[in-house]
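Just dropping this structure here.
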Amino acid sequence: MNKRDYAFDRTNFILLAAGMVVVIIGFILMSGGSSTEEAFNPDIFGTMRTKIAPVVCLIGFLSLIYGIVRKPKDTDPEITTSLASNNSQTGITTPDSQKSTISPANPTDPVSISTKPAKLITNNKNRKK
């Protein structure tokens with residue numbers, strides 16, 4: 001299989017792993033002792049458990065979402081290399097007299113090739129209803 005067939009690239013997997021580690025750290029920060037029927041532990045309402053740990057988990061979940069949604073860059077090294085080399089690997093050269101050139105469209109020249117896309121012209125007045 002080609003690299004192009006995969007939905008994620010290396011960066012996506014790194015973001016997913018980092019996000020999962022941050023979420024686990026947030027859950028560890030939320031854990032701790034609890035209150036029992038015999039003794040009340042005021043630490044369950046501490047700043048670490050109620051404010052900091054949920055924000056850490058939220059950052060981890062956002063990192064996970066970004067790791068899933070991020071689109072890998074579609075760069076194919078074979079195409080880029082072949083375009084950059086421009087036949088330098090094969091050693092094929094063409095004489096200047098055989099090279100073809102395309103000129104922009106000239107309204108007076110009926111043989112010129114236009115590189116502009118054709119414009120679709122519609123007339124709504126002549127349409128049958």
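Only one of Val23, Val55 is among the aliphatic types (A, V, I, L, M), loosely packed, with under 12 Cβ neighbours inside 10 Å and either part of a helix (DSSP H, G or I) or at pLDDT 95 or above (or both). Can you tell me which? Can you show your working first?
Values: Val23 fails: loosely packed, with under 12 Cβ neighbours inside 10 Å.
None of the others qualify; the one that does is Val55.
Of the residues Ser31, Ser35, Ser63, which is modelled with pLDDT of 95 or more and among the hydroxyl-bearing types (Ser, Thr, Tyr)?
Answer to the check: Ser63.
Rundown of residues vs (1) under 17 Å from Gly67 (Cβ atoms); (2) without any contact (Cβ under 8 Å) to a residue 60 or more places away in the chain; (3) out of contact with any Lys or Arg (no Cβ under 7 Å at 6 or more places or on another chain); (4) not small (Gly, Ala, Ser), yes/no style:
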{"residue": "Asp5", "(1), (2), (3), (4)": "no, yes, yes, yes"}
{"residue": "Arg10", "(1), (2), (3), (4)": "yes, yes, yes, yes"}
{"residue": "Ile25", "(1), (2), (3), (4)": "yes, yes, yes, yes"}
{"residue": "Ser31", "(1), (2), (3), (4)": "no, yes, yes, no"}
{"residue": "Thr36", "(1), (2), (3), (4)": "no, yes, yes, yes"}
{"residue": "Thr47", "(1), (2), (3), (4)": "no, yes, yes, yes"}
{"residue": "Lys51", "(1), (2), (3), (4)": "no, yes, yes, yes"}
{"residue": "Pro54", "(1), (2), (3), (4)": "no, yes, yes, yes"}
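The values are calculated or read from the model by the stated rules, or taken from the named source; none is laboratory data. The structure presented is a predicted model; accordingly, all values stated were derived computationally and were not measured. For neighbour counting, all protein chains shown are included, and Cβ atoms are generated from backbone atoms with ideal geometry for every residue, glycine included.
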